[in-house]
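Chemist: A single structure is presented below for examination.
The values are calculated or read from the model by the stated rules, or taken from the named source; none is laboratory data. These figures come from a predicted structure and were not determined experimentally. Here the Cβ positions follow ideal geometry from the backbone for every residue, glycine too, while neighbour counts run over all protein chains shown.
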Amino acid sequence: MREFAPCLADCQVVRTAIKAKCLGTAPVIAGLQEGHAQMFLSVFDMFKVGIGPSSSHTMGPMVAAARFLDKMRAAPFECAGLRGSLHGSLAFTGIGHASDRATILGLAGFVPDTYDSEKAEAALEVIRDTHVVKPEGLPELKFNPKEDLTFDFGPNLPGHANGMILMATDAQGDVILQETYYSIGGGFVMTEAELAEGRNTDAGDPVPYPFKSANEMLEMAMTSGKSIAEMKRANEHARGGPESLKSGVAKIWQVMNGCIERGMAAEGILPGGLNVKRRARGIHDALLAERGTNLMAPHKINDWMCCYAMAVNEENAAGGQVVTAPTNGAAGVVPAVIRYWLDHVPGASAARVDEFLLTAAAIGGLVKFNASISGAEAGCQAEVGSASAMAAAGLAAVLGGTPKQIENAAEIALEHHLGMTCDPVKGLVQVPCIERNGLGAIKAVSAASLALRGDGTHLVPLDACIETMRQTGADMSEKYKETSLGGLAVNIPNC
């Protein structure tokens with residue numbers, strides 16, 4: 001992970017900085033990201049339509065393979081075959097996360113945003129039988145998945161826990177083109193060179209509100225008189241225009257909501273061998289039956305939130321279409337909170353879903369820029385914790401919160417996920433991941449409600465909480481960072 005200046009390892013430095021912030025005598029922790037011209041992560045970077053079960057382990061390898069095909073198309077020589085290797089967390093949990101399957105399909109020309117499951121299954125069968133892939137714009141390429149795609153269980157590649165190497169060979173089988181890719185979370189992929197240059201560099205056109213920290217975000221909101229969503233919208237307009245933003249955000253919510261509906265309608269056993277039963281439909285049917293009866297106790301609103309979130313993550317576990325929010329493993333939290341708001345909060349309006357998503361994306365961008373959204377890099381605090389912070393901020397915004405209250409909501413939600421490990425049983429995004437999204441949604445709603453009871457003044461700034469999450473992830477044992485080598489993954493009998 002990137003080093004910060006000044007170093008925040010000394011707890012006294014953190015305490016002093018937080019005290020200064022509370023007293024209004026200093027910027028938050030001396031400014032976390034000085035030296036960068038600007039930071040811009042689009043709402044469409046944080047929320048990407050893709051496939052399950054994992055943004056980093058499924059979507060990432062598929063995207064990397066597509067990029068390698070482009071590199072081959074641009075090469076001044078003809079290639080005859082392909083090879084690849086998966087490293088670190090991509091190796092340890094690759095089978096459960098379908099990393100091998102995604103790489104094979106990516107090398108055959110499939111990409112997440114246009115993925116067709118029926119065509120993919122047909123393509124896989126052909127590849128297994130013929131040991132050949134036929135990506136568009138390239139000659140027929142030899143590729144036997146059993147021999148040419150390997151899992152390397154040795155040390156991680158130096159750049160990130162999710163590393164993979166793709167190679168093209170000539171007719172004799174000699175490697176003539178090679179690239180190392182890192183799947184850094186949320187479907188983001190970088191080459192070794194890009195990572196070395198700086199994962200968060202932004203060379204695009206200037207945006208009007210280039211906040212790199214929550215402190216800068218609040219200062220810009222105060223100076224401009226704009227909400228967080230309004231600043232984020234202005235930034236998006238500067239890069240893509242209003243029509244692109246409007247239609248794109250509408251599509252994001254359409255896919256999110258469709259995923260909830262499919263999950264609440266589906267039954268059966270999830271794939272992978274754990275024999276986990278889909279539960280969202282049963283919970284939903286029971287809740288509908290209890291409406292209007294004395295069985296509908298107030299606390300059962302939590303069951304509705306869990307139902308929405310679990311519906312999404314059961315779809316994700318089944319390899320269905322989901323939206324990274326900010327990752328697949330945490331994809332249920334944000335849509336669950338939006339559905340809670342729309343279905344259960346008086347005065348909610350679908351016309352303001354864009355405000356929710358823009359606010360959530362602003363918070364997610366800060367977490368990714370200053371820490372991580374990758375479970376393989378920082379544990380589940382970086383996935384469900386980040387998602388809960390995003391959802392809390394979005395809900396606080398549509399409930400009328402000020403920028404300070406929104407920042408407080410995000411901090412409360414993230415703070416109470418600190419230290420959460422990523423220990424998927426059998427490498428599958430099922431246990432504890434599915435229920436964990438439900439609890440992340442509940443925490444998000446509680447955090448937003450609690451923040452709105454105050455005026456936005458609080459002890460721990462969001463920037464300090466994000467930095468704490470980064471440090472905690474750096475200190476966390478690799479056993480608990482999406483390797484399935486510790487925690488629940490090794491303590492469940494017969495798994």
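Chemist: If you take the residues of the stretch 472-495 that are part of a loop (DSSP other than H, G, I, E, B) and without any contact (Cβ under 8 Å) to a residue 24 or more places away in the chain, which of them is nearest to Q381 (Cα to Cα)? Break it down stepwise before answering.
Modeler: In the first step, residues of the stretch 472-495 are kept if they are part of a loop (DSSP other than H, G, I, E, B); the result is 476-477, 482-487, 492-495.
Pick out the ones that are also without any contact (Cβ under 8 Å) to a residue 24 or more places away in the chain and you get 477, 493-494.
On the way: S477: 14, P493: 25, N494: 27 Å.
Here the residue is S477.
Chemist: Here are the criteria: (1) among the charged types (D, E, K, R); (2) within 20 Å of the chain's Cα centre (by Cα); (3) exposed (fewer than 13 other Cβ atoms within 10 Å of the Cβ). Tell me which single one E243 does not satisfy.
Modeler: (2)
Chemist: Here's something else I'd like to know. For the stretch 121-157, enumerate the residues that are assigned to a helix (DSSP H, G or I) and either of a type outside the set (G, A, S) or modelled with pLDDT under 95 (or both).
Modeler: To start, the set of residues in the stretch 121-157 that are assigned to a helix (DSSP H, G or I) comprises 121-130, 145-148.
Listed by number, the residues that qualify are E121, L124, E125, V126, I127, R128, D129, T130, P145, K146, E147, D148.
Chemist: Could you count how many residues in the stretch 334-374 are in a helix (DSSP H, G or I) and in contact with a Gly (Cβ under 6 Å, 6 or more places away or on another chain)? If you could, list the steps in order and put the result at the bottom.
Modeler: The initial filter retains those residues of the stretch 334-374 that are in a helix (DSSP H, G or I), namely 334-344, 350-370.
After this cut, where a residue has to be in contact with a Gly (Cβ under 6 Å, 6 or more places away or on another chain) as well, the list is 356, 359-360.
Residues meeting the conditions: 3.
Chemist: Take the residues of the stretch 476-486 that are among the small types (G, A, S) and surrounded by fewer than 20 Cβ atoms within 10 Å (Cβ to Cβ): which is nearest to H160 (Cα to Cα)?
Modeler: Step one: filter the stretch 476-486 for residues among the small types (G, A, S), giving 477, 484, 486.
Add one more test, that the residue is surrounded by fewer than 20 Cβ atoms within 10 Å (Cβ to Cβ), and what stays is 477, 486.
Working: S477: 15, G486: 19 Å.
The qualifying residue nearest to H160 (Cα to Cα) is S477.
Chemist: Let me ask you something else. Is one or more of the residues making up the stretch 274-295 under 26 Å from G94 (Cβ atoms), touching a Cys at 6+ places or on another chain (Cβ under 6 Å) and either β-branched (V, I, T) or part of a helix (DSSP H, G or I) (or both)?
Modeler: No, there is no match, as no residue in the stretch 274-295 is under 26 Å from G94 (Cβ atoms), touching a Cys at 6+ places or on another chain (Cβ under 6 Å) and either β-branched (V, I, T) or part of a helix (DSSP H, G or I) (or both).
Listed here are the residues, each with its yes/no results for (1) outside the structural domain of M256 (by TED's automatic domain parsing); (2) within 25 Å of the chain's Cα centre (by Cα); (3) at pLDDT 95 or above; (4) farther than 18 Å from A108 by Cβ.
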| residue | (1), (2), (3), (4) |
| --- | --- |
| E3 | yes, yes, no, yes |
| R15 | no, no, no, yes |
| A20 | no, no, no, yes |
| T25 | no, no, no, yes |
| I29 | no, no, no, yes |
| A66 | yes, yes, yes, no |
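Chemist: Search the stretch 453-471 for residues being outside any loop (DSSP other than H, G, I, E, B) and of a type in the set (V, I, T), and hand back the single one that is farthest from the chain's Cα centre (by Cα). Steps first, answer last, please.
Modeler: First pass over the stretch 453-471, keeping only residues outside any loop (DSSP other than H, G, I, E, B): 462-471.
Now restrict to residues that are of a type in the set (V, I, T): 466, 468.
On the way: I466: 15, T468: 19 Å.
By that ranking, first place goes to T468.
Chemist: Looking at E482, E435, E407, E478, which one is within 24 Å of Y308 (Cα to Cα) and assigned by TED's automatic domain parsing to the domain that holds T359?
Modeler: On the way: E482 fails: within 24 Å of Y308 (Cα to Cα); E407 fails: within 24 Å of Y308 (Cα to Cα); E478 fails: within 24 Å of Y308 (Cα to Cα).
Among E482, E435, E407, E478, only E435 is within 24 Å of Y308 (Cα to Cα) and assigned by TED's automatic domain parsing to the domain that holds T359.
Chemist: Checking the structure you have, find out if any residue of the stretch 387-395 is surrounded by fewer than 24 Cβ atoms within 10 Å (Cβ to Cβ) and either part of a helix (DSSP H, G or I) or out of contact with any Ser or Thr (no Cβ under 9 Å at 6 or more places or on another chain) (or both). Spell out how you get there, then give the answer.
Modeler: Step one: list which residues in the stretch 387-395 are surrounded by fewer than 24 Cβ atoms within 10 Å (Cβ to Cβ), which gives none.
So far as the stretch 387-395 goes, no, none of its residues is surrounded by fewer than 24 Cβ atoms within 10 Å (Cβ to Cβ) and either part of a helix (DSSP H, G or I) or out of contact with any Ser or Thr (no Cβ under 9 Å at 6 or more places or on another chain) (or both).
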